[in-house]
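The values are calculated or read from the model by the stated rules, or taken from the named source; none is laboratory data. Bear in mind the structure is a predicted one, so any value in this text is a computation, not a measurement. FYI the Cβ positions are ideal-geometry reconstructions off the backbone, even for glycines, and counts take in every protein chain you see.
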Amino acid sequence: MQQTLKPFISEKALTQVMTLLQHDYLTVKVKHERKTRHGDYKRLPNGKHQITVNSNLNTYRFLITLIHEIAHFEAYNTFGKFIKPHGKEWKFTFQRLMLPFLNPDIFPSDLLPLLAKHFKNPKASSDTDAKLSLALKQFDAPNNKTFVFEIPLGTKFKLYNGKIFKKGNTRTKRIECVEISTGKLYLFNPNAEVELLEH
């Protein structure tokens, strides 16, 4: 498993991660990009447990995602199968597992205050934390994507599935966008990555 993860995790974090993964019935697989999630955890029918993480994530997001999924596994083992996926048991476990990694040997110093704030009450996805998500994006490989909150009102953009939208007003936590082909109104996470269309 160490060889699988080595290309994706910094040398400083790898030993600590491998300690967390010392379970005979837990496997980690690195997958090609999935648009709807960075990673997942599931208990397999044979009683074993599997974690998957996307291969296209930058080093820091990969580590956060992997610990997020290990926290699901640990919370399941500690508190049983009837807990909420991202309930208080998972949050407590995620905080506890992540704490040893929150240091300047592993994360850049400008990310640490944002991570500390995020982990006071971790959410189901780090993407819902606008400041953290934007800070993590700077370490991604260059792409032609932009966050919805960065584009001007009335601008047209395209999603990964080919659907075209026009940006509308911003609500408290979401942005109204109208699908061009149907006229339907959708509420977007401000951090949704989209492709700008030429005017």
Quiz item: Among the residues of the range 35-47, is any β-branched (Val, Ile, Thr), out of contact with any helix residue (DSSP H, G or I) (no Cβ under 8 Å at 6 or more places or on another chain) and surrounded by 13 or more Cβ atoms within 10 Å (Cβ to Cβ)?
Solution: no
Exercise. Answer with yes or no whether Glu69 is within 23 Å of Gln2 (Cβ to Cβ), in contact with a strand residue (DSSP E or B) (Cβ under 9 Å, 6 or more places away or on another chain) and either surrounded by 15 or more Cβ atoms within 10 Å (Cβ to Cβ) or among the charged types (D, E, K, R) (or both).
Key: yes
Practice problem: Go through (1) under 30 Å from Lys12 (Cβ atoms); (2) free of Cβ contacts under 8 Å to residues at least 12 places away in the same chain; (3) of a type in the set (Gly, Ala, Ser) one by one and return the number of the condition Gly162 breaks. | Solution: (1)
Quiz prompt | Close pairs (6 angstrom Cβ cut-off, 6 or more residues apart or separate chains): closer than 21 Å to Lys137 by Cβ in the range 166-190, surrounded by fewer than 14 Cβ atoms within 10 Å (Cβ to Cβ) anywhere | solution = Lys167/Leu153; Arg174/Leu187
Exercise. Taking His38 as the residue in question, decide whether it is within 23 Å of Tyr160 (Cβ to Cβ) and in the same structural domain as Phe119 (by TED's automatic domain parsing).
Key: yes
Practice problem: Go through the residues of the range 144-151 one by one and say whether even a single one is loosely packed, with under 13 Cβ neighbours inside 10 Å and touching a residue at least 12 places away in the same chain (Cβ under 8 Å). | Solution: yes
Quiz prompt | Options Asn191, Asn143, Asn121; residue that is part of a loop (DSSP other than H, G, I, E, B) and at pLDDT 90 or above | solution = Asn121
Quiz item: Is it fair to say Asp105 is under 21 Å from Leu20 (Cβ atoms), touching a residue at least 60 places away in the same chain (Cβ under 8 Å) and assigned to a loop (DSSP other than H, G, I, E, B)?
Solution: yes
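Consider Thr128 carefully, then state whether it is surrounded by fewer than 19 Cβ atoms within 10 Å (Cβ to Cβ), in the same structural domain as Ile67 (by TED's automatic domain parsing) and either of a type in the set (Val, Ile, Thr) or within 15 Å of Thr59 (Cβ to Cβ) (or both). Please lay out each step first, then the result.
Details: surrounded by fewer than 19 Cβ atoms within 10 Å (Cβ to Cβ): yes; in the same structural domain as Ile67 (by TED's automatic domain parsing): yes; either of a type in the set (Val, Ile, Thr) or within 15 Å of Thr59 (Cβ to Cβ) (or both): yes.
Answer is yes for this residue.
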